[in-house]
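*Asks:* Pasting a structure here, questions to come.
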Amino acid sequence: MRKSVVLGALVLSVALLGAAAEGSVPATSPGAGDGLDRFRTQDVKWTQCRDTSLAASGTECARVTVPLDYGQPRGRTIEVAVSRIASTDPARRRGILLTNPGGPAARGLGLPRDLRTVMGPAVTAAYDVIGMDTRGLGESTPVDCGLTRSTWLLHAPGPDRAGFEESVRRSRDDARSCRERAADLLPHLSTRNIARDVDIVRGALGERRTSWFGQSYGAFLGATYAQMFPGRVDRLVLDSAPDPAEYPFRMVRRQGLANERALDDFAAWVAPRHRTYGLGATPAAVRAGVEAVVERAGDEPIRVGGHRVGDRELPLLFYVLLVHDTANPEFAGLLRVLRAAAFGKPVAVPGWLQGTLDLVFAGAGTDRAADYAAELAMLCADTAVPRDPEDYWRAVQRTRAAQPVFGPMTHAPFPCAFWAEEPREPRTVVDNGVPALQIQATGDPRTTYRSGLRMHRALRASRLVTVPGRAHTVYASRPNDCVRRTVNTYLVHGTLPARDTVCRD
């Protein structure tokens, strides 16, 4: 697997998990007298992107001004960074395709460039493809929590109470740091406000409607936008969608069992290849070997690639590389490296693994630390979670037998448990008849197939494309001509499949 694919999977995966009333915040439909006209009619100035690789790809960048608090449109403003790859044929241009890569808090300015590699020429002619760093993230007005230790939401608490208490302290410290450094921004980084930003971008670009491509969290954002602004949606593509009623807290907890199943799936793949990889001749032997490596890392962190990998970090590494079954050889290679290093043998660390390790262990002041701060702000602005640490302790203990590798990690304390305030708005209830095309893999270990079915039912006019196999995000990440042809046809012609369908590799 190419290094860029592995790192991209890490960013997109860890990260994680009737019409709804607008409450006290005004609806943002044109002419509603909501005080937002000055934002919708602002001039968007496209210039060369600061990122040289984006500039070289033909991507242009701009900034759009939005209100920090949509309840006070005359108050403080912030900026949202957007990108564009223009239609290749203005005569055939249909409109704009806004996009989001997931996360939450995955940076999105580069997604138009990445999508163009799988879009057919008719799609690239039909749309200006628009990317975005959502509020609080990347080149948009950033949230800065000043985090000095934590850079990932998911971390295993270890096998005992002492490790759990360290997880509690870590989550509490993250919440305190965010409160002390960014209390003015935190309440406003919700998905509903990001959806409002999307609509401001649409208006500022002079478009009556927008099409949408979102994967993972981006699918949830797209569904939220369609619920809040159904008349503003042209064509809607949701790749690897979560259950909108379970995002994010229960979604993350469900990932424990889903990743145990992904590990079993890998074990079934690698056991017949014991002569090649030497990881065990039966699936049970493979799994026992994985659990033994985790236990050994708890006794003494494994030194590999310039890092000390303990039992708190190993489940996250496994979580990253199990996301796609096409990465089975890389996961096997990781296990071989870890096993050798655990016994003090010299190992050669491939470039893709070194990059993944460096990202997992990224420290204060890095892009990863900044993105984690934005992720926390978005998650905690969206949903309330249990606040009693004992709730998490009991959940961790319940998972240990059936989910020994991933259960404790996905049930560990959320920093949102120690957040300063509860979300200011309830989460959007998705339930509408907006047409949509949804893509879901049967073995998705992040947004499970069952959760995707719930999104499918919530979007009553949607068509579901099922992809057999273990994958999270399909259209741009997994070679599947059927999926790409179906998505491209829909984007160009607006034609949904006549019924739910299956696209095999």
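The values are calculated or read from the model by the stated rules, or taken from the named source; none is laboratory data. A quick note: this is a predicted structure, and the numbers were derived from the prediction, not measured. Glycine gets a Cβ as well: all are built from the backbone with ideal geometry, and neighbour counts include every protein chain shown. Ligands, DNA and RNA are excluded from the accessible area calculation, which covers all protein heavy atoms including side chains. Shrake-Rupley method; radii C 1.70, N 1.55, O 1.52, S 1.80 Å.
*Asks:* Please specify each residue of segment 226-255 satisfying the condition of being open to solvent by 20 Å² or more (accessible area, probe 1.4 Å), under 22 Å from the mean Cα position of the chain (by Cα) and not aliphatic (A, V, I, L, M).
*Replies:* If we filter segment 226-255 for residues that are open to solvent by 20 Å² or more (accessible area, probe 1.4 Å), which is where we start, we get 228, 230-232, 234-235, 245, 249-250, 253-254.
When the remaining residues are screened for being under 22 Å from the mean Cα position of the chain (by Cα), the result is 228, 235, 245, 249-250, 253-254.
Correct list: R235, F249, R250, R253, R254.
*Asks:* For segment 124-181, what are the residues that are closer than 30 Å to I96 by Cβ and of a type in the set (V, I, T)?
*Replies:* Filtering segment 124-181 for residues closer than 30 Å to I96 by Cβ gives 124-143.
If the condition is that a residue be closer than 30 Å to I96 by Cβ and of a type in the set (V, I, T), then T124, V129, I130, T134, T141, V143 are the ones that fit.
*Asks:* Within segment 175-202, can you find the residues that are of a type in the set (D, E, K, R), out of contact with any helix residue (DSSP H, G or I) (no Cβ under 7 Å at 6 or more places or on another chain) and open to solvent by less than 10 Å² (accessible area, probe 1.4 Å)?
*Replies:* Matches in segment 175-202: R196, D197.
Results for (1) touching a strand residue (DSSP E or B) at 6+ places or on another chain (Cβ under 8 Å); (2) of a type in the set (V, I, T), shown as yes or no for each residue.
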{"position": "T77", "(1), (2)": "yes, yes"}
{"position": "A81", "(1), (2)": "yes, no"}
{"position": "D89", "(1), (2)": "no, no"}
{"position": "R92", "(1), (2)": "no, no"}
{"position": "D173", "(1), (2)": "no, no"}
{"position": "C178", "(1), (2)": "no, no"}
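*Asks:* Which residue out of T428, T356 is polar (S, T, N, Q) and assigned to a loop (DSSP other than H, G, I, E, B)?
*Replies:* Numbers: T356 fails: assigned to a loop (DSSP other than H, G, I, E, B).
When all the criteria are applied, what remains is T428.
*Asks:* OK, next. Could you please let me know if V385 is within 20 Å of L263 (Cα to Cα) and not small (G, A, S)? Write out each step before concluding.
*Replies:* Details: within 20 Å of L263 (Cα to Cα): no; not small (G, A, S): yes.
It is false that V385 is within 20 Å of L263 (Cα to Cα) and not small (G, A, S).
*Asks:* Same structure, new question: Considering only segment 153-174, state which residues are among the hydrophobic types (A, V, I, L, M, F, W, C) and crowded, with 22+ Cβ neighbours inside 10 Å. Spell out how you get there, then give the answer.
*Replies:* Restricting attention to segment 153-174, the residues satisfying the condition of being among the hydrophobic types (A, V, I, L, M, F, W, C) are 153-154, 156, 162, 164, 168.
Answer for segment 153-174, where residues must be among the hydrophobic types (A, V, I, L, M, F, W, C) and crowded, with 22+ Cβ neighbours inside 10 Å: L153, A156.
*Asks:* May I ask you to list the residues in segment 451-469 that are within 20 Å of L321 (Cα to Cα) and either open to solvent by less than 10 Å² (accessible area, probe 1.4 Å) or at pLDDT below 95 (or both)?
*Replies:* Of the residues in segment 451-469, the ones within 20 Å of L321 (Cα to Cα) are 467-469.
Answer for segment 451-469, where residues must be within 20 Å of L321 (Cα to Cα) and either open to solvent by less than 10 Å² (accessible area, probe 1.4 Å) or at pLDDT below 95 (or both): just V467.
*Asks:* List the number of the failed condition for P112; all other conditions in (1) within 18 Å of the chain's Cα centre (by Cα); (2) in a loop (DSSP other than H, G, I, E, B) hold.
*Replies:* Failed condition: (2).
*Asks:* Quick test for you: out of T410, T442, T448, pick the one residue that is open to solvent by 20 Å² or more (accessible area, probe 1.4 Å) and touching a Phe, Trp or Tyr at 6+ places or on another chain (Cβ under 9 Å). Spell out how you get there, then give the answer.
*Replies:* On the way: T410 fails: open to solvent by 20 Å² or more (accessible area, probe 1.4 Å); T448 fails: touching a Phe, Trp or Tyr at 6+ places or on another chain (Cβ under 9 Å).
The conditions single out T442.
*Asks:* Sticking with this structure for a sec: Can E421 be described as at pLDDT 95 or above, among the acidic types (D, E) and in a loop (DSSP other than H, G, I, E, B)?
*Replies:* Values: at pLDDT 95 or above: no; among the acidic types (D, E): yes; in a loop (DSSP other than H, G, I, E, B): yes.
Spelling it out, it is not the case that E421 is at pLDDT 95 or above, among the acidic types (D, E) and in a loop (DSSP other than H, G, I, E, B).
*Asks:* While we're on this one: Would you confirm whether or not segment 56-65 contains a residue that is surrounded by fewer than 13 Cβ atoms within 10 Å (Cβ to Cβ) and at pLDDT 95 or above? Break it down into steps so the answer makes sense when it comes.
*Replies:* Taking segment 56-65 first, the residues surrounded by fewer than 13 Cβ atoms within 10 Å (Cβ to Cβ) are 56.
Still in the list and also at pLDDT 95 or above: 56.
Yes - at least one qualifying residue is present in segment 56-65.
*Asks:* Just one of A223, A258 is among the small types (G, A, S) and open to solvent by 10 Å² or more (accessible area, probe 1.4 Å); which is it?
*Replies:* Values: A223 fails: open to solvent by 10 Å² or more (accessible area, probe 1.4 Å).
The conditions single out A258.
*Asks:* Quick check: anything in segment 364-386 touching a His at 6+ places or on another chain (Cβ under 9 Å) and in a loop (DSSP other than H, G, I, E, B)?
*Replies:* no
*Asks:* Looking at V11, V25, V5, V82 in this structure, which one is closer than 27 Å to P101 by Cβ and either at pLDDT 50 or above or touching a Leu at 6+ places or on another chain (Cβ under 6 Å) (or both)? Let's see the steps before the verdict.
*Replies:* On the way: V11 fails: either at pLDDT 50 or above or touching a Leu at 6+ places or on another chain (Cβ under 6 Å) (or both); V25 fails: either at pLDDT 50 or above or touching a Leu at 6+ places or on another chain (Cβ under 6 Å) (or both); V5 fails: either at pLDDT 50 or above or touching a Leu at 6+ places or on another chain (Cβ under 6 Å) (or both).
Result: V82 is the single residue among V11, V25, V5, V82 that is closer than 27 Å to P101 by Cβ and either at pLDDT 50 or above or touching a Leu at 6+ places or on another chain (Cβ under 6 Å) (or both).
*Asks:* Something else about it: State yes or no: is L205 modelled with pLDDT of 95 or more, surrounded by fewer than 24 Cβ atoms within 10 Å (Cβ to Cβ) and not polar (S, T, N, Q)? Give the derivation first.
*Replies:* Working: modelled with pLDDT of 95 or more: yes; surrounded by fewer than 24 Cβ atoms within 10 Å (Cβ to Cβ): yes; not polar (S, T, N, Q): yes.
It is true that L205 is modelled with pLDDT of 95 or more, surrounded by fewer than 24 Cβ atoms within 10 Å (Cβ to Cβ) and not polar (S, T, N, Q).
*Asks:* Say we look at segment 134-165 and pick out the residues that are touching a helix residue (DSSP H, G or I) at 6+ places or on another chain (Cβ under 9 Å) and of a type in the set (D, E, K, R); which of these is modelled with the lowest pLDDT?
*Replies:* R149
*Asks:* What are the pairs, 6+ residues apart or on separate chains, where a residue within segment 137-166 that is more than 21 Å from Q403 (Cα to Cα) has its Cβ under 6 Å from a residue that is part of a loop (DSSP other than H, G, I, E, B) and not hydroxyl-bearing (S, T, Y)?
*Replies:* That search, which allows pairs on different chains as well, returns L137/A105; G138/R107; V143/L185; T148/A364; T151/A362.
*Asks:* When only residues in segment 435-476 that are part of a strand (DSSP E or B) and of a type in the set (G, A, S) count, which is farthest from L236 (Cα to Cα)? Step through it out loud before you land on a result.
*Replies:* Within segment 435-476, the subset part of a strand (DSSP E or B) is 436-441, 459, 462-467.
Then drop every residue that is not of a type in the set (G, A, S), which leaves 436, 441, 462.
Values: A436: 5, A441: 18, S462: 9 Å.
Selected residue: A441.
*Asks:* Show the residue pairs that are 6+ apart or on different chains and have beta-carbon atoms under 6 Å apart, the first residue being within segment 374-402 and closer than 19 Å to C145 by Cβ and acidic (D, E), the second being part of a helix (DSSP H, G or I) and open to solvent by less than 10 Å² (accessible area, probe 1.4 Å).
*Replies:* From residues that are closer than 19 Å to C145 by Cβ and acidic (D, E), the pairs are D382/T191.
*Asks:* Another one. Of the residues A81, A105, which single one is of a type in the set (G, A, S) and outside any strand (DSSP E or B)? Before you say what the answer is, go through the steps one by one.
*Replies:* Details: A81 fails: outside any strand (DSSP E or B).
Every option except A105 fails the conditions.
*Asks:* Checking G18 against (1) open to solvent by 50 Å² or more (accessible area, probe 1.4 Å); (2) modelled with pLDDT of 50 or more; (3) part of a loop (DSSP other than H, G, I, E, B); (4) farther than 22 Å from R116 by Cα, which single condition isn't satisfied?
*Replies:* Looking at each condition in turn, G18 falls short on (2).
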